[in-house]
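Any read-out appearing in this document is the output of simple, stated calculations on the displayed coordinates, not a laboratory observation. Fair warning: this is a prediction, and the values are worked out from it, not measured in the lab. A quick note on method: Cβ atoms are made from the backbone with ideal geometry, for glycine too, and the neighbour counts reach across all protein chains shown.
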Amino acid sequence: MKRIPILEVGGVLLSTDILTEYFCCDLSACGGACCIEGDAGAPVTLDEVAELESCTDAVWPLLSAQAQSVVERQGVAYTDAEGELVTSIVGGKDCVFTYYDNIEEIGNQQCCLCALEKVCREGHTRFMKPISCALYPIREKRFGGGLVGLNLHRWTVCEAAFKRGRELQLPVYRFLEGPLKRRFGEAWYAELEEVAQLI
């Protein structure tokens with residue numbers, strides 16, 4: 001397996017492929033599969049669980065009956081087999097906050113979308129989505145002593161996104177500028193940009 005070099009930027013460790021690899025979500029190719037594939041929900045913090053709970057009423061009409069049942073039974077999050085706090089899922093894979101809608105911009109194709117993001121964009125809530133979702137395909141790992149590491153996750157459902165990113169010459173860190181600033185701040189992102197110019 002190829003070993004990816006690690007950099008340190010503002011106290012955060014990151015794999016260099018975050019700066020050198022390209023990425024741009026392509027809903028027309030994947031249909032939002034990241035919300036419904038896998039065997040666990042999205043990683044969340046305790047603070048985010050509180051935010052998810054506060055958004056429940058706003059998203060409730062968008063959720064499937066099965067998702068509503070899961071939320072009523074076990075709440076918006078649970079601890080997975082690896083001991084990580086994650087969003088609740090339906091049928092062993094679908095995030096409970098998934099809803100389906102047609103996207104006019106991509107030929108009126110039906111896609112899996114995030115109910116949390118929809119109600120936030122409509123001004124009903126202030127919480128967009130868990131930062132782990134917003135940062136994808138970057139995965140955050142927290143170590144002892146407050147140390148944080150960022151790695152690029154490669155998943156077959158995102159092959160089209162990597163391809164589209166290469167076509168657009170859009171690096172992962174630029175595609176995720178907003179979420180990275182949300183997580184680490186403007187000053188940290190500015191330092192990241194400086195480091196990227198040296199790679």
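Amide H to amide H, with H built 1.01 Å from N, Glu21 comes under 5 Å of Val172, counting only residues 5 or more places away or on other chains.
Using just the helices of the chain, give the 222 nm mean residue ellipticity in deg cm²/dmol: DSSP H runs with n ≥ 4 each add -39,500 (n - 2.57), and the total is spread over all residues, rounded to 500. Taken over the chain, the calculation gives -10000 deg cm²/dmol.
Karplus-based coupling profile of the stretch 160-170, in residue order and whole Hz: 5, 5, 5, 5, 5, x, 5, 4, 8, 6, 10, with θ = phi - 60° in 6.51 cos²θ - 1.76 cosθ + 1.60 and x standing for Gly or Pro. Only beta bridges with both residues in the chain are counted; by DSSP, about 90 percent of them are antiparallel. For the listed peptides 18-28, 87-97, 150-160, a ranking on the average number of other beta carbons within 10 Å per residue, highest first, reads 87-97, 18-28, 150-160. A crude spin-label estimate for the pair Arg182 and Asp17, with each label 7 Å from Cα along the Cβ direction, gives 2.4 nm. Two numbers describe the Cα atoms of the chain: Rg and Dmax, which are 17.2, 51 Å. If R0 equals 22 Å, the separation of the Cβ atoms of Glu167 and Ile199 corresponds to a calculated FRET efficiency of about 0.60. A straight chain from Thr79 to Phe143 at 0.36 nm per residue would run longer than the Cα-Cα distance by 21.2 nm. Here the Karplus curve 6.51 cos²θ - 1.76 cosθ + 1.60, taken at θ = phi - 60°, turns the phi angles of the stretch 172-188 into couplings of 3, 5, 7, 4, 9, 4, x, x, 5, 5, 4, 7, 10, x, 5, 5, 5 Hz, with x standing for Gly and Pro.
Working ranking of peptides 136-146, 185-195, 40-50, 111-121 by packing, defined as the average number of other Cβ atoms within 10 Å per residue, highest first, is 111-121, 40-50, 185-195, 136-146.
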